[in-house]
Amino acid sequence: MATKFTAKPDELSKLDYKPPKKGWMDNPVEFKENTFCWGAKGKNLKIIDFPNARDWSPAEEDWKLPENWQEIVLEGIKERLSKYRSLRLFMDICVRCGACADKCHFFIGSGDPKNMPVLRAELLRSIYRRYFTASGKMLGKIAGARELTIDVLKELWYYYYQCTECRRCSVFCPYGIDQAEITMMGRELLNLLGLNIDWIAGPVANCYMKGNHLGLEPHTIKNGIEFFLDDIETVTGIKIKPTFNRKGAEILFVTPSGDLFADPGTYTCMGYLMLFHELGLDYTWSTYASEGGNFGFFTSNEMAKRLNAKIYAEAKRLGVKWIIGGECGHMWRVVHQYMDTWNGPADFLEEPVSPITGTKFENAKSTKMVHIAEFTADLIKNGKLKLDPSRNDHLKVTWHDSCNTARGMGILEEPRYVLRNVCNHFYEMPEETIRERTFCCGSGTGLNASENMELRMRGGFARANAVKYVRDRYGVNMLANICAIDRATLKALMEYWAPDVQVAGLHELVANALVMKGEKERTQDLRLEPLPGKEAKE
Amino acid sequence: MRILFSFFAVIALALIAYAGVKIANLQFLFGVVIPYIAIAIFILGFIYRVLKWGSSPVPFRIPTTCGQQESLSWIKQNKIENPSSASGVVIRMALEVLLFRSLFRNLKTQLKEGKLVYGEAKWLWLAGLAFHWSFLIIFVRHFRFFLQNTPSFIKTIEGLDSFLQVGVPLLYMTDIVLLGAVTYLFLRRVFIPQVNYISLAADYFPLFLILGIASSGVVMRYFYKVHIVGVKELAMGLVTLSPVIPQGVGVMFYIHLFLICTLLAYFPLSKLMHMGGVFLSPTRNMANNSRRARHINPWNYPVHIHTYEEYENDFREKMKKAGIPVEKE
């Protein structure tokens, strides 16, 4: 197996953006250690009935491909060209102006020219031209066309698992060409050959069978949450009793399973529990639809739909009126832009109305799923929460817009409004690195595997650089966000590039500030760390 | 190699026109037959390409949102960069098509002593805008050749375009701007390493072609004059479908015309189709209202899912033990 990633930040940030002398078509792919993930295991692909399931390793010469792999890929391209206007258009209209080139966090952090979105797209375009356009068939290389060889396939694999579908390139493209869309298609094609990565295939199989990526079984979910309840009681003196799979609840709550599992996501989860308890919300958790995230989305449209279907199915079975979704990035891209189209119409649900404020969430009246930041912002605006932001005074917070919620939805002000109400020290990162121009954590789309650490640190370099800037300038020590993958990966990123900055979900900070009925005087935050000024009284 | 190939391809095209007219006397071929063929290829090819795009559906509503979404009434939505209505989309598209909004966002990312800095980078936007607009104005100016009486709006455009009142004949600013902008677009492809790295012959060829068209036009107008009355006769003949070849129209005109014909015929086969494609881009031309109104995917099909029933069968005992309600005891 690979040697452990040990390169120091100083080494990694020595970057040369000059492309090599040799043209990119003549420069075959080189698989560098710590910059790719392990191949999907056969058993995981079998669970979801995917073709060509087998164990294989990207580092090995022989990928154990089916004999007719070329035909499969070309047929796959043909099918997708006829199903997605985006693909056909994005294959045809790029003028290679290069505006996207230095917008990709992987290019910025690696200097590898094939990480320029335009070139990442050309990897597939060159195949498209060779087999699907007259000029490519006739003129070959001079028209930018090339044969689909095994090396080309490997190159496609390597670089399409070096794209986090963050869409930053698409913001700057004069035609809106979206590499995320192209990467999604590319990964679908690779999946036809069983060429997924196991860090995606494993969670997908888990989610399919057990309802969540982590493979938590129903009793484990309940136990896990009960564990949080003990901590909440320690901090607040309040006993909370959430319900699971309860029929007739008004609201179903769905959040990424990452929130149930590891710090600091677990603190965010405690935040949800405390908020809903304080409101007396009539809601239920589900162990069947226990995953808001969707690694199927990093696999294929069909797989994403298969996993997502559980949310509506469960809402229907339980007879809830509407759904609240927790803090997650790609989950919200899926919920916002895909769910209703795939698995709707959700005509068995009602248009969401906040039972606390009476606010109608008109913007979600078809999908019937409301983002928790929208829900909480409305509560605060209507004065329904008693908040003591000084409990977060030990934190100097900056806000990381997650790619999917920023560029595939546009939920920018809601979390900021909440943040300003729950903490007193909030500093924005430079404007070129937030909102629609925000930088990816570098580990999205299922690339957050440990064997991929160098790539992750490179990919997150631009994000971390902006955090470091506010850390050095304002003393920022907390990076807040609404994304489970961020919470899972930014911690490692900060330790590497910007030490002393911790990571938190929005609702952890909300719950810290939330003054609950009947609570004891708080001396600790949700991390069971002493609140400043309160230590003495202990 | 990519550059030289494209350069010499354009030179060769010019020589073909020169030889064809000057040596072989094929005025009718170059003045009538080829223009008709080129226009036919352009129109039919353009329509074919657009229909081809149109034949693929837009299964999902995937706008790239570049501002605050529509949500709670008191949160100010960015109605243009993140439109939720048709009118917002129209404005967004108009800004994109007419003013190259997205390109205007361009930044230059630089690494200085381990720190990333983001500088302004508006030259590409400016050159792109200058190029496209001057091309359009020049194109419109040429209508005087195809209309018996020059309409007043063309005269107005000509007047504005030559308001500097320099030279005889009066210098058109757009001629200079076009040549300057195309030259810039070419030079950045050569000298910016990343742009150079991604450039194909198909990127240089249209630049040289347009440079050839513009220079032959400029040469004709200002230096090596052609028989302008003859040119108009030929143009009128083409549009009235009664083609004539007047005597004594200079060869430079035929070179100009042949390069234009090449551009027209090449257009539908090439990246130049971005002209049509930009209107169809689903990340720009869709409203971000997918939670408010259901978007329909015409090929949406049923999929296998692991049902709740199957799930409960897998875990019933564990669920019961944990006190989680089940459907079947």
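Here are some notes:
- Among all positions in region A:258-281, there is no residue which is over 16 Å from the mean Cα position of the chain (by Cα) and within 13 Å of chain B (Cβ to nearest Cβ).
- Residues that are more than 8 Å from chain B (Cβ to nearest Cβ) and not in a helix (DSSP H, G or I), drawn from region A:85-132: A:Cys100, A:Cys104, A:Gly111, A:Asp112
Residue-by-condition table, conditions (1) assigned by TED's automatic domain parsing to the domain that holds A:Arg306; (2) over 23 Å from B:Ile192 (Cβ atoms); (3) surrounded by fewer than 18 Cβ atoms within 10 Å (Cβ to Cβ):
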{"position": "A:Leu15", "(1), (2), (3)": "no, no, yes"}
{"position": "A:Pro19", "(1), (2), (3)": "no, no, no"}
{"position": "A:Gly23", "(1), (2), (3)": "no, no, yes"}
{"position": "A:Glu30", "(1), (2), (3)": "no, yes, yes"}
{"position": "A:Phe36", "(1), (2), (3)": "no, yes, no"}
{"position": "A:Ala40", "(1), (2), (3)": "no, yes, no"}
{"position": "A:Asn44", "(1), (2), (3)": "no, yes, no"}
{"position": "A:Phe50", "(1), (2), (3)": "no, yes, no"}
{"position": "A:Ala53", "(1), (2), (3)": "no, yes, no"}
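- Qualifying residue in region B:258-278 (condition: exposed (fewer than 15 other Cβ atoms within 10 Å of the Cβ), under 30 Å from A:Arg96 (Cα atoms) and at pLDDT 95 or above): yes
- Here B:Phe60 does not fit the description of being in a helix (DSSP H, G or I), among the aromatic types (Phe, Trp, Tyr) and modelled with pLDDT of 95 or more.
Let's see how each residue does on (1) under 17 Å from the mean Cα position of the chain (by Cα); (2) not hydrophobic (A, V, I, L, M, F, W, C):
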| residue | (1), (2) |
| --- | --- |
| A:Val171 | no, no |
| A:Ile177 | no, no |
| A:Glu181 | yes, yes |
| A:Trp199 | yes, no |
| A:Val204 | yes, no |
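- Qualifying residue in region A:184-196 (condition: among the basic types (Lys, Arg), more than 22 Å from the chain's Cα centre (by Cα) and either over 21 Å from A:Asp62 (Cα atoms) or buried (at least 24 other Cβ atoms within 10 Å of the Cβ) (or both)): no
- Residues in region B:198-209 that are in contact with a Gly (Cβ under 8 Å, 6 or more places away or on another chain) and over 14 Å from B:Phe8 (Cα atoms): 2 in all.
- Some residue of region A:396-403 being in the same structural domain as A:Met494 (by TED's automatic domain parsing), modelled with pLDDT of 95 or more and surrounded by fewer than 21 Cβ atoms within 10 Å (Cβ to Cβ): yes
- Residues that are in a loop (DSSP other than H, G, I, E, B), of a type in the set (A, V, I, L, M) and surrounded by 24 or more Cβ atoms within 10 Å (Cβ to Cβ), drawn from region A:273-330: A:Ala289, A:Val320
- Output for region A:57-80, where each listed residue is buried (at least 19 other Cβ atoms within 10 Å of the Cβ) and of a type in the set (A, V, I, L, M): A:Val73, A:Ile77
- Criterion (modelled with pLDDT of 95 or more and part of a helix (DSSP H, G or I)) met by exactly one of B:Leu98, B:Leu116: B:Leu98
- Taking the criterion of being part of a loop (DSSP other than H, G, I, E, B), within 15 Å of A:Ala511 (Cα to Cα) and either without any contact (Cβ under 8 Å) to a residue 12 or more places away in the chain or small (Gly, Ala, Ser) (or both), the residues of region A:229-259 that qualify are A:Gly237, A:Lys239.
- Filter result for the condition that a residue is closer than 28 Å to B:Leu264 by Cβ and assigned to a loop (DSSP other than H, G, I, E, B), over B:Asn25, B:Asn78: B:Asn25
- Here A:Glu217 does not qualify as surrounded by fewer than 18 Cβ atoms within 10 Å (Cβ to Cβ) and under 30 Å from A:Asn512 (Cα atoms).
- B:Leu124 meets the conditions (1) facing chain A (nearest Cβ under 9 Å); (2) surrounded by 14 or more Cβ atoms within 10 Å (Cβ to Cβ); (3) over 25 Å from B:Val89 (Cα atoms); (4) not small (Gly, Ala, Ser) in every case but one. The failed one is (3).
Yes/no per residue for (1) in contact (Cβ under 8 Å) with a residue 60 or more places away in the chain; (2) more than 26 Å from the chain's Cα centre (by Cα):
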| residue | (1), (2) |
| --- | --- |
| B:Met236 | yes, yes |
| B:Thr240 | no, yes |
| B:Gly248 | no, yes |
| B:Met252 | no, yes |
| B:Ala265 | yes, no |
| B:Lys271 | yes, no |
| B:Met286 | yes, no |
| B:Lys320 | no, yes |
| B:Pro325 | no, yes |
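- Residue list for region A:353-395, filter: surrounded by fewer than 21 Cβ atoms within 10 Å (Cβ to Cβ) and basic (Lys, Arg): A:Lys360, A:Lys365, A:Lys381, A:Lys384, A:Lys386
- Residue tally, condition assigned to a loop (DSSP other than H, G, I, E, B), within 12 Å of another protein chain (Cβ to nearest Cβ) and in contact (Cβ under 8 Å) with a residue 60 or more places away in the chain, over region A:1-17: 4
- Scan of region A:163-174 for residues that are at the interface with chain B (Cβ under 7 Å from one of its Cβ atoms) and either in contact with a Leu (Cβ under 8 Å, 6 or more places away or on another chain) or without any contact (Cβ under 8 Å) to a residue 60 or more places away in the chain (or both), ordered by number: A:Phe172, A:Pro174
- Residue under evaluation A:His336, criteria (1) surrounded by 24 or more Cβ atoms within 10 Å (Cβ to Cβ); (2) over 16 Å from the mean Cα position of the chain (by Cα); (3) within 11 Å of chain B (Cβ to nearest Cβ), criterion not met: (2)
- When A:Ala205 is tested against (1) away from every other protein chain (no Cβ under 14 Å); (2) over 28 Å from A:Ser110 (Cα atoms); (3) assigned to a helix (DSSP H, G or I), exactly one condition is not met: (1).
- Residue that is nearest to B:Ile138 (Cα to Cα) [pool: residues in region B:191-210 that are surrounded by 18 or more Cβ atoms within 10 Å (Cβ to Cβ) and without any contact (Cβ under 8 Å) to a residue 60 or more places away in the chain]: B:Val195
- Answer residue from region B:25-62, given it is in contact (Cβ under 8 Å) with a residue 60 or more places away in the chain, at the interface with chain A (Cβ under 8 Å from one of its Cβ atoms) and crowded, with 17+ Cβ neighbours inside 10 Å and is nearest to B:Tyr266 (Cα to Cα) among those: B:Arg49
- If only residues of region B:288-306 that are of a type outside the set (A, V, I, L, M, F, W, C), free of Cβ contacts under 8 Å to residues at least 40 places away in the same chain and at the interface with another protein chain (Cβ under 7 Å from one of its Cβ atoms) are counted, the one that is farthest from A:Val370 (Cα to Cα) is B:His304.
The values are calculated or read from the model by the stated rules, or taken from the named source; none is laboratory data. Predicted model, so just to flag it, every value in this text is computed and none were measured. Backbone-built Cβ (ideal geometry, glycine too); neighbour counts: all protein chains shown.
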